[in-house]
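S.K.: Here it is, the structure, as structure tokens.
The values are calculated or read from the model by the stated rules, or taken from the named source; none is laboratory data. Worth saying up front: this structure is predicted, and the values here are computed from it rather than measured. Don't worry about glycine lacking a Cβ; one is built from the backbone with ideal geometry, like all the others, and counts go over all protein chains shown. Just so you know, the surface numbers come from the protein's heavy atoms only, side chains and all, with ligands and any DNA or RNA stripped out. Shrake-Rupley method; radii C 1.70, N 1.55, O 1.52, S 1.80 Å.
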Amino acid sequence: MTEVSSLTGRLLVATPALADPNFDRAVVLLLDHDEEGSLGVVLNRPTPVGVGDILEAWAALAGEPGVVFQGGPVSLDSALGVAVVPGESIEGDRVPESGPPPTGEGAATRSRARVRRGDPIGWRRVHGAIGLVDLEAPPELLAPAVGSLRIFAGYAGWGPGQLEEELVEGAWYVVESEPGDVSSPDPEQLWRSVLRRQRSELAMVATYPDDASLN
């Protein structure tokens, strides 16, 4: 199989041409991407459900708006936590997580994380300051370290080569993520704000109307 260049930690930004209603104007943070497939969460789909309604113990750590986000169309009955822990990650080989995987990650359990001495217990680094949270761990273990937390119901998944096909078809723009994307207080505007900050013609796409017939 042709080697796949990992896009883990990058953002997939839906192009205006993407017809799938599940991903209309979606901004997806890729938590895992390799030759076995891809997994991510949609960052800009807040639901009316408060974090305290389903995970009361974690509600105090959730950033505004303090609601559950729909992470994608797969496994909507499972919860996945993504948190930003400020600090420098070390570059180097990504190593498999040892021991039992955190509950609620679903297919994300095959994700491998960068490790750094001193990372808080119950948090696995995915890319830079962004990592996955073990929602069965006591929240007080993470509270002093977490800068922001999002809870997602479900995730977005692609089989081997599927995402690459969609990229060739022009369904997604691939751009660098920033830690603040995970905790944006105005997620409905994230699609436009991510595009607007690009130093390329992509910045112009941010002005694309929601209704293409108005263009």
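S.K.: Counting only the heavy atoms of the protein chains, how much of ASP77 is accessible to a 1.4 Å probe, in Å² to the nearest 10?
M.R.: 150
S.K.: Just add up the charged neighbours of ALA57: K/R +1, D/E -1, any other residue whose Cβ is under 11 Å from the Cβ of ALA57. Kindly include the intermediate steps, with their values, before the conclusion.
M.R.: Numbers: positive: none; negative: GLU56, GLU136, GLU140.
It works out to a net charge of -3.
S.K.: Out of residues 5 or more away from THR15 or on other chains, whose amide H comes under 5 Å of its own, with H placed 1.01 Å from N in the peptide plane?
M.R.: Here the answer is TRP172, TYR173, since their amide H atoms fall under 5 Å of that of THR15.
S.K.: Next up: Go through ARG192, ARG10, ARG125, ARG199 and list them by solvent-accessible area, largest first, probe radius 1.4 Å. Can you show the working numbers first?
M.R.: Details: ARG192 50, ARG10 75, ARG125 5, ARG199 240 Å².
Solvent-accessible surface, decreasing: ARG199, ARG10, ARG192, ARG125.
S.K.: If you don't mind, another one. Where Rh denotes the Kirkwood radius from the mean inverse Cα pair distance, what is Rg over Rh for the range 10-77? Write down the numbers at each step before the final one.
M.R.: Working: Rg = 13.6 Å, Rh = 13.4 Å.
My calculation puts Rg/Rh at 1.02.
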